[in-house]
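Taking it in order: structure first as structure tokens, then the write-up.
The values are calculated or read from the model by the stated rules, or taken from the named source; none is laboratory data. On a predicted model such as this, the values are computed, not experimentally measured, just so you know. Cβ: placed from backbone, ideal geometry, glycine included. Neighbour counts: every protein chain shown. Note: areas computed on protein heavy atoms with side chains; ligands, DNA, RNA excluded. Shrake-Rupley method; radii C 1.70, N 1.55, O 1.52, S 1.80 Å.
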Amino acid sequence: MRVDGFATPSLGDTSYIVSTGHTAIVIDPQRDLRRFLDHIEENALEVSHVLDTHVHNDYLSGAKPLAERLGAEVVMPAGSGAEFRFRPAFHQEGIDTDGGLSILPLHTPGHTLEHTSYLVSLDTGAAAVFTGGSLLVGSAGRCDLLGPDLATQLTRLQWGSLQRLAALPGRVAVHPTHGAGSFCTASGGARGSSTIEVEARTNPVFSYPDEEAFVAGQLAGLLPYPDYYAHMAPHNRRGPHGLEPATPATLEPPEVTSAIEDGAAVVDARDRYAFARGHIPGSLNVELSDSFAPWVGWMVEFGSPVIVVASDIDAAEQARVELGRIGYDVIGAITSLEGLEQVTSKTAGPVELAAAVDGAAVIDVRDPAERSASPVRGTIHRYVPDLRDGLPTSDDEVWLTCASGFRAAVAAGLVERHGATPIVVASGGIPELLRLRPDLAG
């Protein structure tokens, strides 16, 4: 049996194509179908089933459109509530393919109520389990994404699901959907693939002495997650369309001005230094990186049309795909700001910050866990999303710092919207500041 993973680093997720001979199944695909179709065509695969482990909160599923393209059967958890036609996956009700793959759904609630893992077997026995957002490598899926009222009960369900998965044969490979970089993980340690034996022995989620300790531990210290998550499940139940390859239209200055007046958001995907040298007033600087899509989904109201400022048209196309995965429509691209109104901002390094911190308004925009682990005297803490509601200082000039400069650059646009001038510490950030000024620690 061959397992091919298709990673989406910007969301911390992996989709899978599982094959034996020319028979294949696809698990948790995203809606940019081309990468899956290319692999299927190159390997002359016949796909019988396209499966989702749960109604996803962090991206729009490609299960329905991919199954339609391939003439395959789409499989969803029986309790998914999907509005389109699908084969319901009931607990331990097997699904066979014509090519020797046997699929056994295992109801593993916790990450969501309907969550289902898929144990895939050959004639030689169980080979791999695809655990979605249940058992992760080195972690487990978080259980608070459906709101605080359900979080405790879902965490109790997750405890039971993990125990059932741990009882599978130790040789069975573990292939989760969520991993490092996903806000769906309960800790930052999730990574790659593993086996049941290794996870049962090393995964911290199995170190709790009982269910009560597990619940307390899993719900402690969870970080906020992007606002767009609230919109994914309803769209996934309706069945999103596939995302076809397309190059965004290059907009002329009058078109940009008109679109902004009509409510379009401008996302500047260039690096933080280019943004500081000149950018469109009101735009947000979210660099095109492995964190691009979630941060746009956090900072830009869901449903808003998006104009992308990019270094070139290839970068604009990449941004379109990244945002399309989470349901944002890129209506056009800008690769030159010539002819458009521009403003500038400031960047600085940790040496300048170390010299200025005693008298300046310095906002530490790291997440709450980072701040708790390394507080810095003389700075104000506000996680980036909290700056949408206002600034914690009335100073005209505000220093912004994080761990690397990425989030400080995101925060710059928010500070400008509140009428202050941002100074972005574009590299080094808090770690370097504390090295230069150890007296500020604590």
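Things to note:
- Across the range 72-87, rounded Karplus estimates of 3J(HN,Hα) from the backbone phi angles (6.51 cos²θ - 1.76 cosθ + 1.60, θ = phi - 60°) give 9, 9, 8, 10, 10, x, 4, x, 5, x, 4, 8, 9, 6, 8, 8 Hz, Gly and Pro being marked x.
- The range 262-345, Cα convex hull volume normalised per residue, Å³: 87 Å³
- From the coordinates shown, Cα Rg over 2.2 N^0.38 Å corresponds to which of (i) 1.04; (ii) 1.77; (iii) 1.48: (i)
- Zone of D329's modelled label, taken as backbone nitrogen in the range 275-309 under 13 Å from a point 7 Å along Cα→Cβ: 303-307
- Pairwise FRET efficiency - D312 versus R277, Cβ, R0 = 22 Å, nearest 0.05: 0.85
- Distance from the range 22-98 to the range 405-442 (C-alpha centre basis), Å: 44 Å
- Sorted from greatest to least, the principal axis extents spanned by the alpha carbons of the range 1-133 come out as 35, 33, 27 Å.
- Debye-formula intensities of the range 96-189, expressed as log10 I(q)/I(0) at q = 0.11, 0.12, 0.20, 0.24 Å⁻¹, are -0.32, -0.37, -0.91, -1.18 (one equal scatterer per alpha-carbon, no solvent).
- Scanning residues 5 or more positions from V309 or on other chains, those with amide H under 5 Å from its amide H are V267, D268, A269, I334, with H placed 1.01 Å from N in the peptide plane.
- Solvent-accessible area of D329 with every protein chain in place, 1.4 Å probe, in Å² to the nearest 10: 100 Å²
- Using a probe of 1.4 angstrom and keeping all protein chains present, the accessible surface of the range 1-65 works out to 28 square angstrom per residue.
- A simple spin-label model places pseudo-atoms 7 Å from Cα toward Cβ; at E42 and R237 they are separated by 3.8 nm.
- By a 1.4 Å probe calculation restricted to protein chains, S311 has an accessible surface near 90 Å², given to the nearest 10.
- Ranked packing of 287-293, 257-263, most packed first, by mean Cβ within 10 Å: 287-293, 257-263
- Nonpolar atom fraction for the range 182-282, defined as the carbon and sulfur part of the 1.4 Å probe accessible area, stands at 54 percent.
- For the range 19-97, alpha-carbon Rg and Dmax in angstrom: 12.3, 35
- Among the trypsin sites (Lys or Arg not before Pro) within the range 348-442, those in coil by DSSP and having at most 15 neighbouring Cβ atoms inside 10 Å are R377.
- The range 337-442: antiparallel DSSP beta bridges as a percent of all, rounded to 5: 5 percent
- A 1.4 Å probe run over the range 266-353, with the rest of the protein chains in place, finds 37 Å² accessible per residue.
- Accessible-area rank, largest first, for H91, H381: H91, H381, with all protein chains present and a 1.4 angstrom probe.
- Distance between the 7 Å Cα→Cβ label points at D227 and E261: 2.5 nm.
- Of the beta bridges in the chain, as assigned by DSSP with both residues counted there, near 45 percent are antiparallel.
- Percent of beta bridges antiparallel (DSSP, the range 99-223, rounded to nearest 5): 80 percent
- Computed over protein heavy atoms with a 1.4 Å probe, the accessible surface of the range 81-167 works out to 39 Å² per residue.
- P(r) weight above 24 Å for the range 159-309, C-alpha pairs, percent: 54 percent
- Surface composition of the range 290-369: carbon and sulfur atoms hold 45% of the protein heavy-atom accessible area at a 1.4 Å probe.
- Kirkwood Rh in Å, taken over all unlike Cα pairs in the range 223-280: 15.2 Å
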